[in-house]
Structures are given as C-alpha cells and as structure tokens.
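Okay, so here's the structure we're looking at.
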Amino acid sequence: MTALEPSTTPGSSAPGGLAKSVVALDRVVIRLAGDSGDGMQLTGNRFTSETASFGNDLSTLPNFPAEIRAPTGTLPGVSSFQLHFADHDIMTPGDAPDVLVAMNPAALRANLGDLPGGGLVIADSDEFTPRNLAKVGYATNPLEDGSLDGWQVVAVPLTSMTLEALKDTGLGKKEAERSKNMFTLGLLSWMYHRPTEGTVRFLERQFRRKPEIAAANIAAFRAGYNYGETTEAFAVSYEIKPAPMAPGRYRNISGNQALALGLVAAGQRAGLPVFLGAYPITPASDILHELSRHKSFGVRTFQAEDEIAGIGSALGASFGGALGVTTTSGPGVSLKSEALGLAVMTELPLVVVDVQRGGPSTGLPTKTEQSDLLQAMFGRNGEAPLPVIAPRSPGDCFDAALEAARIALKYRTPVMLLSDGYLANGAEPWAVPDVEDLPDLSVDFATEPNGATADGTPEFLPYLRDPQTLARPWAVPGTAGMQHRIGGLEKADKSGNISYDPANHDLMTRLRQAKVDGIAADIPATDVDDPTGSARVAVIGWGSTYGPIGAACRRIRRSGREVAQIHLRHISPFPADLGDVLRRYDRVVCPEMNLGQLALLLRARYLVDVQSHTQVRGLPFRAAELAAVVQDVIDSTTPTASTGGTQ
Amino acid sequence: MTTSPHVHDLGMPGTSIDANIQQAIADSVATQGEKQTALKAKDMKTDQEVRWCPGCGDYVILNAVQSFLPSLGIAREDMVIVSGIGCSSRFPYYMNTYGMHSIHGRAPAIATGLAASRPDLSVWVVTGDGDALSIGGNHLIHALRRNVNMTILLFNNRIYGLTKGQYSPTSEVGKVTKSTPMGSLDHPFNPVSLAVGADATFVGRAMDSDRKGLTEVLRQAAEHEGTALVEIYQNCNIFNDGAFDLLKDSSTGPMWTIPLVHGQPLVFGPDGASCVVRDDFGGLRIAETNQVDASEIVVHDATREDPSYAFALSRLSSQDLRYTPMGVFRAVRKPTYDRMMADQLEEARTGSPGDLGALLAGNDTWTVSA
Ligand SMILES: Cc1ncc(C[n+]2csc(CCOP(=O)(O)OP(=O)(O)O)c2C)c(N)n1
Ligand code: SF4
Ligand SMILES: [Mg+2]
C-alpha cells in the first residue's frame, strides 16, 4: 500500500493532533454520480485502476445517459459509475452502494433511492445552489433540511476547494473547476488507502501535450488526498485488504477490451489476418476503436456505410482467407440477418458480435439486456442454424472471442457471440494469459482437388464435407486449379453447383443443421456448480447473469440451503449432457434479462418445466433479489418421488 | 504473381497477403503447375448451363467478357467475380474464376472486403440496375467514393428482369409495367451522373451488342486502379425489348450516340453534323458543327480532375436516350483504399511489430505471487 508522499502542505500532520482511525472492511460498494460533464466515468475508471493494482477483487457498473450532454444539472444528464471491491472474490458490481458521491443535486436525487439507510453520502455542497435545486424539484436544500437524516451526510465544498487548490496555476475558473473530479478522486483515494502513483502517471500521460492541465489535475488530486488526511469531516479511513487470487500477472480489463484482444489473439493463433467490418453503434463501438489500433497485428478495420456492408465486407474477406468479423448491437443484427443467411449458405467462417442493449428498435442504447437470444438463434429466413455463444464476465469476453473464432474456423460457419452492455463496459481483474497457452486455431486451406469428374479429371468439390466436422473445404482465391463459385442459391451436395432438386434441398438443410448440432461433441460438458451434489433446485443462466446468479447462490448457501448453479456458454448447440443435467433437479429456475428466451428454448428442447424469472430494467440483476426468488423456490420444493425412493 | 496493371504489385512477398494464404497459393502451384496466364476464351467457361432467356443481352456481354479477360494476362484463379441478385447476377456461375453470387444489392460491400484484404486479386462486381441502384444504392456510392480496386459492371436493362418485369430506378417516367399499370411516376437515375456525383474515379458506358466498344471500355476499366464503374446497356428481350434500339439501330444510332474518345473533339452524327460545345454555368450543349467555330468544340478529356465536366457530359442525354455519350467519361488517378490500408498496416508493423504478449498485458499489470 503506497500513500502519497507527505506533501508540502503543512496540514498533512493533522492540525490539533486529530486522531484518525482506520476501520477494516471486507467489501465496499461506491457509486460516483454527477453530471455527464463532470467526468464520473473517468473518475470511476481511475479509482478502479487504483483498486485493481492494489489487489482487491472488483466489479464495475458504469451507467450513463444515451445523450452525449443532456442539459447540465438535470436528471437525464446524470452519469454514474459503481464499483464493488473486496478482500475476497466477488461476482457483481454490488446490489446497492454503501457510499454515494453526489456531485450535484440531480445526482443525489437520481441515486439516493438506491442507497440503503445509514449509507454515506458525500456531496459537493457548492453545487447545491437554489438554481440547481430547483432544476430537479428540490424545494429546500436536502443537505440542510433534515430530509437526509436517515443517512450519514458529509457535505464538502468540493468545487471551491478545487478552485482554491488551483488558484496559483493561472487557469481560468471554468478550466480549474473541471479538476473537481480529481479532487474527489484524491479524497476517495485517501479514504480507501488506494495507491496513487498510477493516477499521477495516467494524468501525465493523458495530458502529455498540455502539461499545465496535467499539473492542475495532479494538484487537485493531491489536494483532495491531503484534505482527507487533515479534515475533521472524515475521521475514519478504510482498509480493504487485497483479495487472495491465484498467482499470476493481472490487469484490469473491460468486456469490450477483452473481446477485441480475444479477436486479435484469435487471428494470431489462427495465422490469419483479421478483417473487421463494422458500423458504429453503442455499446459495440469500442471494439471497433480498439481493433483499429492493432494494425501491427495485421488487423484490418473497415468502417462500413451500414451494418449490411459491415457483415458483407467481413464475409468477402473471409472468402479471401481472412478471419472475418463484424461487431454490432441488436439493431445492427436486424440489418445483418439476410447476410447471415448468406454466410450460413456459403459456409464461410465469420464471427458476429452482438453487444446487446435494451429494448426493441432504438430502445435503451446505453443499458443492458439479453433480449437478442432468440434473434441470434432464429432471426433469419429459412432454416439457418448457427452456433451461439455468450461470455459470462468482462474478462471472459476474451476466451469467448477465441472460442467463437475456433468454432467459426473449424466448422466454417458464422458464429454469433452475444455480449451485452453490462459486460462491455464493466471491468474486472483479469489474469493475463500466456500466449503459448492460447488454443491453436490454425486452419488448413484446401490446395488440391478432392474429387474427379466422370472422365477422371481431378476437380474441386467445394461442398465435399469433412466426415468428422461436416465442414466444407476452404479454398481461397489465388489457389490454382480450385476456382469455384459459391452463393446464396441452394447448393448441390458436394459439387456446390446450383440445385433445385427437392431431395437435395432436404439433405442440405439437414446437413447444415447436423453440422451445427455436431459441435456439441466438441464443447465442454455443462458447467454445474453444485458443491454438495445434493441440491434439488438449480438456477440456470447464460451470459452476463453469471455474476448475479453466482452471488445469489452464495447467499443462499450461506443461509444453509443447497442450490446448484448451471451456466451456459454455448447456447447453440447446447452441451450434449444438458438435458440429463436439468432432469437431475426437481426445480430449475432461469433468471434472464429478457422475458424468458432461454427458458423457452430449454422447455421446448428438453420438456423440462423451467421456471422463468425475468427483469428488463436495463440493469443487471441484484443478487439479493435473485436469492430471495430462488430461496422461495427452494423452500416450496417438497420432496418428490425421485428423492422419496421409489426405486 | 501476376504483374498485370489491374492487380497491385505487391513487391515483397507477405507484405499484403498473410503468409498462410500465400503458402496455400504456393502449395497449389506446386501441385497444379505454374499459374496459367496464356488463356483463351474457352478457358473462361464453366460446365454450367447458361440459363438466360434466349436472345438476352446478357449472353453477348458474357461472350465479350470471356473473350476479353484472357488478354489481361491474369490467371483465372486470381480473378474473383462477385454479384448480387438478378438475371445479370447469374454471371459468376458461367465464369471459370472464383466467384460469389451473393444477396440483392450487396455485392459492392462484399467485394470491398475481399479487395481490401486481398489486393493481389482482380476483383469484379456484376450487378443490375435494380441491384446496384435500388436496393444496393448505398453500397454502390460508397464503393465509388472509397476507390477500392475493383471493376463494377452494371448491366442496365431498365427493368427488373428476374422478378418478371417491374419498372426499375432507370426506367423512363411513365413506364407501364406490371407494378405500374398507369405508368411509373418516379424520375430515373442516370447511373453515370450518379457515379460521377459520388466522385468515382472511373466511369464508362458501353452497349451490349457493340463488342468492340464494350471491350475497349472494359480494357480501360480493368487497367484503372481504383473503383471503375461500367454501365452496360443490356437488352432484356422479354420484359423491355428494344429499350436501346434508338442507339442500336443503324438508322438512328449514329444520330443520337456521342462516342467519347480521349483527346478527340466531340463531333458525332451522320457526317459529323453535330458536336458538343460549352454552355452557360459550366454545362455542355449540343450544337450543329457547321454553326460553330472549331475552337468551340469540346475536346474530350477523361482525365480532368474536376468531375463537373464528366457530369455535364452525362447530362447531355435525356431519359429517352437521345444524345447518349458512349465510352469512358472519366478516368482519374487517386490512391486506392486497399493500397492505403495496406500501407497503414505496413507502417504500423514497422513502427512496432505486433507482440501479442505485450498487447494482452497492456500498460498496467500487477503480480500476485504464490
Ligand atoms: C432482399 C431481396 N428483395 C427482393 C428480391 C427479389 N429480386 C430479385 S432480383 C430483383 C430485381 C433485379 O433487377 P435488376 O437488378 O435490374 O436485375 P436484372 O434481373 O434486371 O438483371 C428483385 C427485386 C430478392 N432476391 N432479395
Ligand atoms: S428476363 Fe430479361 S434480363 Fe432476364 S434473362 Fe430473360 S431476357 Fe435476360
Ligand atoms: Mg435490370
């Protein structure tokens, strides 16, 4: 644990011999809330980095408006960042904050409802002006009118203290005021004993070309830290010990970052150039941004004119021998549907990333949801099956991207990778893998004829399948003697020529389905966490609900009950043993951030009476709420014949 | 590797195509023999039965292309033809090259991904007036402005052939079709004007039945580095028969056709009676040759950087096809997208060759020891 150097401020040895106590905590949830212009996301990210490098386990939940700059000081303009960190392994960004930092009245009003009674509010008192209060409908100042009596409130003039700290820098008031987020970060860094030199380095790097701004931010940051140390307003600071983690090298990573790095790694491990065709859309754009920075790995990024061109160009690149990738969110998937069918028909490798967001149409662009599952499964004309996989945490987006690429390349198929807004923007510590340990994804291009015409002349049959995988050969243009034509019209088995033959269409439809179904033999068995092996209720989830469901299961187990957690990474095809696994339990609960899409699939496929529990609030599940739901199921499950011993 | 002008010279091996792709190509050459570049028209044919209506203009275009392509000296396996959907888009099946018959309107997008990632290939797009200008209009204009190295052949029969005869975005106003029994209401696109408006670096127009003229435009288009658009007037003898007779008929054709020859004065018509002269506001107009001074007659220059001249040329023709310029309107040099993309990759690689381990670790790591 590194503290700031005792600074030149004399106040660092507390005036009046103020005795500050240190309280040890095992976990804290902090929510930083302010105006979109207040830099809350940056502050949150910095605090996260400090926390990561300190060695706590952590999980984050950024939450920002869809508007770039809603009117200042209004409720729609509030942006927040929640961070949960602990001295043990945690799975979610926390159901509710313990500490709310409110940079203005709007931030307080928008977030106070989530803060349990007794929680700590730190508010910038400078911003609680009559005008700002009126903007959000406060008739009187809540910092003064006693309405916050149920909470601990520390009102701090963050803005004026920042201005005071920067008065000698020569910066204008407006400019100087911008550093109040760094002052706040300094204060929080002191409160939670965070290492600070990373932030100082970050600010120096970030404002390399504007040293005066870097200096001002660093000064504000230090002033905030020193203020915490000297003020009587905060008598306590908190210590959260590092979490025990498996030995290794760690970094902090967001889902979009991890996904992008997974794609770069996939290209490297396959020995293929990556080609990304994408059209910007929240919350997927950061993958495009990240990948466009990795040209030195032979990654080509193409900002297409629309999502159709995004997938079209990627498929064209795949035809040419690249690992074609297209990234988007739900509305973009809708536009890609027809081209996805072409990819199914041409049987070319393609990774399609859908970072799901809320709602139909434009919906809730910056919020999270899992409602594209059925679209991913079936959202195409004709029988057009394709593999669907979903990461379960930000760091897992890396492995999921590699897995999507593995399946796409091995089976020559488009693969849908379903991330979501929560995974995309959330962050967690991630054990940096060794490159040598990454899977080998190398492919064999077809370079020689695999058949012969009636007269014995060798010929290339582009749809003569590998008997094991049912994948067709991949012969790239430029390969001599292998010229062939592919396309969207039905293909004759083996030759790939156009065929309208009814029996052939029936055969090919079933072959395409069998190829996808066959992948079940090439994926791990169902992931079941049932510590005692005797739970009678299982909770099943997919994608980003892994964390909240896992946290809920832990709570339930702490209450002395037994529960199993089943988590699906592969949704198409399902793991081969999934039906048997489900039938082992008396009751199966399926929480989803949609209206029951996985539940529908499971019920249809396995005739198991899966009980759906759904929420579409644009936010992840709260572990406590989930635990209560599952606990009720457990408590209402009476022993059944199977446990009653009719055998 | 071929050295035809249509294909980028890659210089050092491995600079633009990934090593594994190059290895596959080398392996195939090792087993199949050297790349064949001395080809004949028959080498371009496939065993697939051509399925256009007898008499369709698509046949003559296919023949012209099959006869012309070998002259480029490019091996068949280095050519890729990508098409959309429509009668014309059946084209790839009849060409013994690599090909993709894709989905309606999207061929330029698919070809863009292919050409941008494989600058070693000769990439062609075959599309129709509905495919390119209606459902695929967006992809077409963006392909043209981007200038990816590929040649787009737009078969314009001024009708939807495959769907059996609805009017298209190039049909003349008032066209009576199955979907417009009282005549169509919307004003057509002039594909050349559209392409020039999108800043296309190469725009040409040719007639299906004019083998010589078509071949000449194809040659220039193939030699052009960047996106080339060739509008080919194509007769659909089933749903829009005779659409171009005004220009084809020997009695009327010469009167209404303005042949574009780079460096030559724009004089046309029987006995050179008509010519093109400058008009107000930077436009062009038709004049009678004997009524103007020779110095007033415009000398065709396809290489003019400013697209207004090519645009003005394209506006000489009306939707009834009178005064239709045929040939190459515009051929200007601009850096190609695929080349610039390859250059950026190269620059990034030389700056800092990709180190995956370092990338995964990022700037801020911490170590937990056992
Ligand atoms: C998404 C989609 N919409 C509609 C169609 C039906 N369709 C096929 S071809 C075509 C028009 C073709 O016209 P054009 O491009 O002029 O080609 P032509 O047949 O005249 O050569 C249409 C509307 C389709 N195949 N796909
Ligand atoms: S419908 Fe017209 S364009 Fe299509 S094949 Fe027949 S003649 Fe040719
Ligand atoms: Mg047409």
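The values are calculated or read from the model by the stated rules, or taken from the named source; none is laboratory data. These numbers come from a predicted model, not from an experiment. Note: ideal-geometry Cβ built from the backbone for every residue, glycine included; neighbour counts use all protein chains shown.
Some observations on this one:
- Counted residues, the stretch A:16-72 - those being at pLDDT 90 or above and within 14 Å of chain B (Cβ to nearest Cβ): 13
- Exactly one residue among B:GLY357, B:GLY351 is at negative phi, within 14 Å of chain A (Cβ to nearest Cβ) and touching an Asp or Glu at 6+ places or on another chain (Cβ under 9 Å), and that residue is B:GLY357.
- Checking each residue in the stretch B:90-145 for being within 16 Å of ligand 2 (Cβ to nearest atom) and either without any contact (Cβ under 8 Å) to a residue 40 or more places away in the chain or within 22 Å of A:GLU490 (Cα to Cα) (or both) picks out B:ARG90, B:PHE91, B:PRO92, B:TYR93, B:TYR94, B:HIS101, B:HIS104, B:VAL126, B:THR127, B:GLY128, B:ASP131, B:SER134.
- Taking the criterion of being more than 29 Å from the chain's Cα centre (by Cα) and without any contact (Cβ under 8 Å) to a residue 40 or more places away in the chain, the residues of the stretch A:180-212 that qualify are A:ARG208, A:ARG209, A:LYS210, A:PRO211.
- The conditions of being crowded, with 22+ Cβ neighbours inside 10 Å, touching a residue at least 12 places away in the same chain (Cβ under 8 Å), in contact with a Phe, Trp or Tyr (Cβ under 7 Å, 6 or more places away or on another chain) and under 30 Å from A:PHE85 (Cα atoms) are met by A:ALA564.
- Residues of the stretch A:449-479 that turn out to be β-branched (Val, Ile, Thr) and free of Cβ contacts under 8 Å to residues at least 24 places away in the same chain, as a count: 2
- Extreme residue, surrounded by the fewest Cβ atoms within 10 Å (Cβ to Cβ), among residues of the stretch B:57-88 that are of a type in the set (Gly, Ala, Ser) and outside any helix (DSSP H, G or I): B:GLY73
- The residue pairs whose first member lies in the stretch A:138-167 and is more than 25 Å from A:PHE221 (Cα to Cα), whose second member is part of a strand (DSSP E or B), and whose beta carbons are closer than 9 Å, counting only pairs six or more residues apart or on different chains, are A:PRO142/A:ALA123; A:PRO142/A:VAL153; A:GLU144/A:ALA155; A:LEU148/A:VAL121; A:LEU148/A:ALA123; A:TRP151/A:LEU100; A:TRP151/A:LEU120; A:TRP151/A:VAL121.
- Residue within the stretch A:192-213 that is in contact with a strand residue (DSSP E or B) (Cβ under 9 Å, 6 or more places away or on another chain) and assigned to a helix (DSSP H, G or I) present: no
- Exactly one residue out of B:ASP18, B:ASP58 is acidic (Asp, Glu) and either more than 16 Å from ligand 2 (Cβ to nearest atom) or over 18 Å from the mean Cα position of the chain (by Cα) (or both), and it is B:ASP18.
- Hits in the stretch A:228-244 (condition: more than 37 Å from the chain's Cα centre (by Cα) and modelled with pLDDT of 90 or more): A:THR230, A:THR231
- Residue count for the stretch B:154-200, restricted to those that are under 17 Å from the mean Cα position of the chain (by Cα) and away from ligand 2 (no atom under 14 Å from the Cβ): 12
- Flag for A:SER544 being of a type outside the set (Asp, Glu) and over 15 Å from A:VAL630 (Cα atoms): yes
- In the stretch B:103-117, the condition of being buried (at least 24 other Cβ atoms within 10 Å of the Cβ) and among the basic types (Lys, Arg) is met by at least one residue.
- So B:MET100, is it of a type outside the set (Val, Ile, Thr), away from ligand 1 (no atom under 16 Å from the Cβ) and buried (at least 24 other Cβ atoms within 10 Å of the Cβ): no
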